[in-house]
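Participant: I'd like to ask some things about the structure below.
The values are calculated or read from the model by the stated rules, or taken from the named source; none is laboratory data. Note that this is a predicted model, so its numbers are computed, not measured. So basically every Cβ, Gly included, is an ideal-geometry build from the backbone, and we count neighbours across all protein chains shown.
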Amino acid sequence: DANLYLQVRVARLGARYILLLAEDRTEAYRLDDVRRDFVANISHELKTPIGAVSLLAEALAIAADDPEQVRKFAKRLTKESERLTRITQEIIELSRLQAADALAKPELVSIDHVVSLAIDQNHVAADASAVQLVSGGDHGATVYGDEALLVVALHNLIANAIQYSPSTSRIGIGVSNTDGIVEIAVTDQGIGIPEEDLDRVFERFFRIDPARSRNTGGSGLGLSIVKHVAHNHGGDVRVWSQVGNGSTFTIRLPEATDAGARTGEEK
Ligand code: ADP
């Protein structure tokens with residue numbers, strides 16, 4: 001196997017015997033690679049906004065006598081530093097999620113609440129591009145997990161849907177609950193994703209073409225965070241998409257079974 005790393009130790013036992021100790025280090029090497037890639041990607045991602053910040057600071061100093069120019073550069077400086085803040089937050093979030101396979105303190109979470117918090121957080125962006133957020137479906141579904149993380153995940157999906165949709169289009173946020181699986185689906189009528197990229201959109205730092213988006217300030221970490229949140233909750237995330245016809249991202253989570261929030265309601 002080309003990707004198998006064995007660490008071999010040799011010891012001579014007396015005159016006739018040699019002891020060979022082989023240790024499988026494949027996983028350790030793989031994790032090292034992942035870590036190295038992550039750090040390289042982070043450095044690359046941060047270089048652009050940091051470079052922009054220092055150029056803008058120089059430009060500000062040169063333009064000091066021209067109030068119009070000062071305003072323009074200051075505005076761009078604010079934008080770049082906001083971008084730096086967002087990327088840094090996402091990197092911290094992602095490394096925290098990657099460090100833990102499971103959730104520290106799962107609690108009973110109402111999906112209705114998660115949906116309404118995530119919609120609230122996206123209202124300003126939706127209004128700004130006259131995009132309508134429509135939610136519906138099953139009410140009363142609960143899962144065991146971390147509410148704040150689930151809100152982050154759903155927020156990312158809704159923010160992407162807004163980002164990659166034309167203005168005045170509709171975005172649906174639907175909840176269904178079948179056979180013990182709670183599904184939260186975010187459907188947009190946006191630009192869609194080319195088939196060859198569908199497998200890669202959940203990779204860290206993967207962005208299709210920044211020029212496709214109205215706002216090119218993304219980091220390519222949003223969907224990777226969604227994937228990790230879903231996995232840490234014992235679920236997954238799926239995507240359906242067609243170029244020109246829009247996309248549906250679905251987070252699937254195991255329904256909370258023993259706490260009777262839902263069954264109690266139905267009786
Ligand atoms: P970004 O910060 O670039 O949005 P994400 O990880 O959230 O990073 O998404 C990765 C890429 O997947 C995006 O750059 C975009 O090209 C594509 N993408 C994500 N969501 C959608 C969507 N709803 N419609 C079309 N393309 C999308």
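Participant: If we keep just the residues of segment 141-156 that are in contact with a helix residue (DSSP H, G or I) (Cβ under 6 Å, 6 or more places away or on another chain) and within 13 Å of the ligand (Cβ to nearest atom), which is nearest to residue 222 (Cα to Cα)?
Facilitator: 156
Participant: Yes or no: residue 191 surrounded by 15 or more Cβ atoms within 10 Å (Cβ to Cβ) and either near the ligand (Cβ under 8 Å from one of its atoms) or not hydrophobic (A, V, I, L, M, F, W, C) (or both)?
Facilitator: Spelling it out, residue 191 is indeed surrounded by 15 or more Cβ atoms within 10 Å (Cβ to Cβ) and either near the ligand (Cβ under 8 Å from one of its atoms) or not hydrophobic (A, V, I, L, M, F, W, C) (or both).
Participant: Considering each residue of segment 157-176, count those that are surrounded by 19 or more Cβ atoms within 10 Å (Cβ to Cβ) and more than 16 Å from the ligand (Cβ to nearest atom), and give that number.
Facilitator: 1
Participant: Tell me which residues, restricted to segment 219-253, are out of contact with any Lys or Arg (no Cβ under 9 Å at 6 or more places or on another chain), part of a loop (DSSP other than H, G, I, E, B) and either more than 27 Å from residue 168 (Cα to Cα) or more than 11 Å from the ligand (Cβ to nearest atom) (or both).
Facilitator: 233, 234
Participant: While we're here: So if I check each of 204, 170, which one is in contact with a strand residue (DSSP E or B) (Cβ under 7 Å, 6 or more places away or on another chain) and within 30 Å of residue 243 (Cβ to Cβ)?
Facilitator: 170
Participant: Run down 99, 61, 74 and say which single residue is surrounded by fewer than 16 Cβ atoms within 10 Å (Cβ to Cβ) and in contact (Cβ under 8 Å) with a residue 12 or more places away in the chain.
Facilitator: 74
Participant: Among the candidates 186, 201, 182, single out the residue that is buried (at least 16 other Cβ atoms within 10 Å of the Cβ), within 24 Å of residue 38 (Cα to Cα), in contact with a Leu (Cβ under 6 Å, 6 or more places away or on another chain) and β-branched (Val, Ile, Thr).
Facilitator: It is 201.
Participant: Counting only residues that are farther than 19 Å from residue 99 by Cα and either touching a strand residue (DSSP E or B) at 6+ places or on another chain (Cβ under 8 Å) or polar (S, T, N, Q) (or both), how many does segment 27-51 have?
Facilitator: Number satisfying all stated conditions: 2.
Participant: Of all residues in segment 100-158, how many are assigned to a helix (DSSP H, G or I) and not acidic (Asp, Glu)?
Facilitator: Total meeting the criteria: 26.
Participant: Continuing with this model, one more query. What are the pairs with Cβ atoms under 8 angstrom where one residue, in segment 220-233, is within 10 Å of residue 202 (Cβ to Cβ) and the other, located anywhere, is away from the ligand (no atom under 13 Å from the Cβ) and among the acidic types (Asp, Glu)? Sequence gap at least six, or different chains.
Facilitator: Taking only residues 6 or more apart or on different chains, the pairs are 227/236; 230/236.
Participant: So which of 56, 21 ends up being part of a strand (DSSP E or B) and either of a type in the set (A, V, I, L, M) or in contact with a strand residue (DSSP E or B) (Cβ under 9 Å, 6 or more places away or on another chain) (or both)?
Facilitator: 21
Participant: Let me ask another. Looking at (1) more than 16 Å from the ligand (Cβ to nearest atom); (2) at pLDDT below 95; (3) under 19 Å from the mean Cα position of the chain (by Cα), which is the only condition residue 115 fails?
Facilitator: For residue 115, the failing item is (2).
Participant: Can you confirm whether residue 143 is of a type outside the set (Ser, Thr, Tyr), over 15 Å from residue 163 (Cβ atoms) and touching a Ser or Thr at 6+ places or on another chain (Cβ under 7 Å)?
Facilitator: no
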